[in-house]
Structures are given as C-alpha cells and as structure tokens.
Amino acid sequence: MKFIEKFSGVFLIAGFFLFFGATLSLGIVPAMMVDRIHPRQGLPTEVPVDFRKYYASAQLYGDALLLGRDVYIAEACWHCHSQYVRPVGNETLRYGPVSTPGEYNTVLQLPQLLGTRRVGPDLSREAGLKSNDWHFAHLWDPQSTVPDSVMPRYPWLFDVSTDGIPVPNQKGVALVAYLQNLGAEFKDRAMGSWDHAATLMPPTEDASKVQASEAQAPADSSAAGTEAWE
C-alpha cells in the first residue's frame with residue numbers, strides 16, 4: 001500500500017499517457033485515415049447490364065449505390081444481416097471467400113456494416129446470387145420467396161400502379177442495386193446459382209405458386225438456392 005502511495009504520481013502520469021495513446025491510435029489516427037478515402041472510392045466505373053434500364057451512367061449508378069447503402073442502414077437491414085464472411089464454421093462453403101480488409105476500403109463501408117447478428121444470411125457475396133426480380137419480390141413480400149422468413153415487408157419501397165401492380169420506387173431500386181453490388185468481385189465464384197426464372201416481379205399472391213415453380217427448376221439449382229438461405 002505504501003508502495004502505491006509512494007509512486008501514485010508516476011501511476012497517474014503513466015495512466016494519462018496510456019489514455020492519450022489509446023485515444024490517438026484508436027480514435028484520431030483512424031479518423032484521419034478515413035478522411036483520405038476518395039468520395040467515390042470503390043464505386044463501379046460502369047453500369048451492370050441489369051441496371052442500365054434504371055441508370056444511364058456510372059455516375060448515376062454510383063449515386064444509387066450510395067442511396068441504397070443509406071436505405072440499407074435506415075431500414076436496419078444490418079441488424080439481421082452481416083457483411084463479413086468469417087474463417088470459421090465452413091462459412092466459405094456457404095458465402096464464398098473469407099472477407100479481407102481491402103473489401104472495406106470503400107465509401108460503401110462508411111460506416112462499416114459488419115452487422116451484429118445473422119437472423120438472415122450473410123450478404124457479403126450477394127451480387128448475382130439471385131435476380132433483381134427475386135429481390136424486389138422479397139422486399140415486397142418476403143414470404144413469397146422464402147416461406148419461413150421472419151423478415152417484415154417493405155411496401156414503402158414500392159409505388160402501386162392503378163391496376164394494383166407494385167413497382168419499385170427510387171429507393172427500392174437503389175437498395176437492390178446496393179445488394180447486387182455486394183461482393184461483385186466474386187461473382188465468378190464456384191457456388192451454385194439461384195433459378196432466376198422461378199420468381200418474377202410482381203410476386204404471386206400465393207406462395208405455393210412460387211414453391212411449385214421452384215419444384216419445376218433443375219434439382220441442383222433449387223438445392224443451391226435453398227442452401228444459400230438455410
């Protein structure tokens with residue numbers, strides 16, 4: 001006890017320097033590094049074929065990805081979906097290559113969206129795994145594509161036409177564009193592909209119709225799509 005009292009001033013100074021060092025290394029330096037990221041770093045330089053009917057230039061497409069990221073955050077998608085493939089539990093068999101630091105050096109990961117848990121699947125390699133229509137149908141009525149899904153509906157991402165057909169609005173298209181860009185560099189990965197013809201937009205009112213159309217798809221394609229969501 002006397003030893004502590006004798007050197008209390010030293011401990012106080014040491015604690016101050018440790019606190020300052022931690023603040024500098026964990027707060028100030030990372031903030032300075034973030035400021036060095038170009039405002040459009042990591043955004044694609046061309047528009048994917050499936051989105052050319054929505055966006056005429058890479059500039060507009062990049063803006064849509066940023067909007068989609070904001071919608072993803074605002075709708076709390078990150079609360080149930082992760083964006084990080086871990087090197088454990090054979091996750092590479094389900095989601096593709098383990099995530100690397102370079103993947104997060106982009107404006108689309110400011111803030112980072114690693115997520116907190118997985119109520120739904122990891123979305124790090126979502127690009128090209130399913131069709132745009134599948135995503136639109138899933139946002140309009142999740143149970144029409146995944147009958148046991150606990151995901152809520154997002155009807156405000158659509159405008160309903162006079163004949164009752166839901167049409168994705170600007171935010172809806174932007175969100176799907178963002179999802180279809182996640183892991184785009186791994187689109188040629190050796191993984192199964194979803195049967196894109198099984199679900200069309202607008203979604204059917206009866207989920208059994210979707211299940212029936214899936215049953216008519218090739219067995220390997222249907223199994224691959226099921227494994228991606230289990």
Take Gln170 and Val10, extend 7 Å from each Cα along the Cα→Cβ direction, and tell me the distance between the two endpoints in nm. 6.5 nm
Compute the distance in nm between two label points, each set 7 Å from the Cα along the Cα-to-Cβ direction, one at Val119 and one at Ser57. 4.0 nm
Would you please put 88-96, 156-164, 176-184 in order of how densely packed they are, using the mean number of other Cβ atoms within 10 angstrom per residue and starting with the highest? 176-184, 88-96, 156-164
I'd like the Karplus ³J(HN,Hα) series for region 77-82: coefficients 6.51, -1.76, 1.60, θ = phi - 60°, whole numbers in Hz, and an x wherever there's a Gly or Pro. 4, 5, 6, 10, 10, 9
Which whole-number percentage describes the relative contact order of region 132-190, with Cα contacts under 8 Å and a sequence gap of 6 or more? 25 percent
Might you report the magnitude of the Cβ-based charge dipole of region 1-135 about its Cα centre, with Lys and Arg at +1 and Asp and Glu at -1, to the nearest 20 debye? 360 debye
Which value in nm describes the separation of the simple spin-label points at Gln112 and Gln41, placed 7 Å from the Cα toward the beta carbon? 1.4 nm
Under the Karplus relation 6.51 cos²θ - 1.76 cosθ + 1.60, θ = phi - 60°, what is the ordered set of whole-Hz ³J(HN,Hα) values for region 93-100, x standing for Gly and Pro? 6, 9, 10, x, x, 4, 4, 10
Pull up all non-local amide H partners of Asp159: gap of 5 or more, or a different chain, and H-to-H distance under 5 Å with H placed in the peptide plane. Val167, Asn169
Set the Förster distance to 22 Å, then compute FRET efficiency between Asn105 and Cys80 from the Cβ-Cβ distance, nearest 0.05. 0.30
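Every number here is computed from the coordinates shown, using simple stated rules; none is lab data. This is a predicted model, so every value here is computed, not measured. All Cβ positions, even for glycine, are placed from backbone atoms using ideal geometry, and neighbour counts span all protein chains on display.
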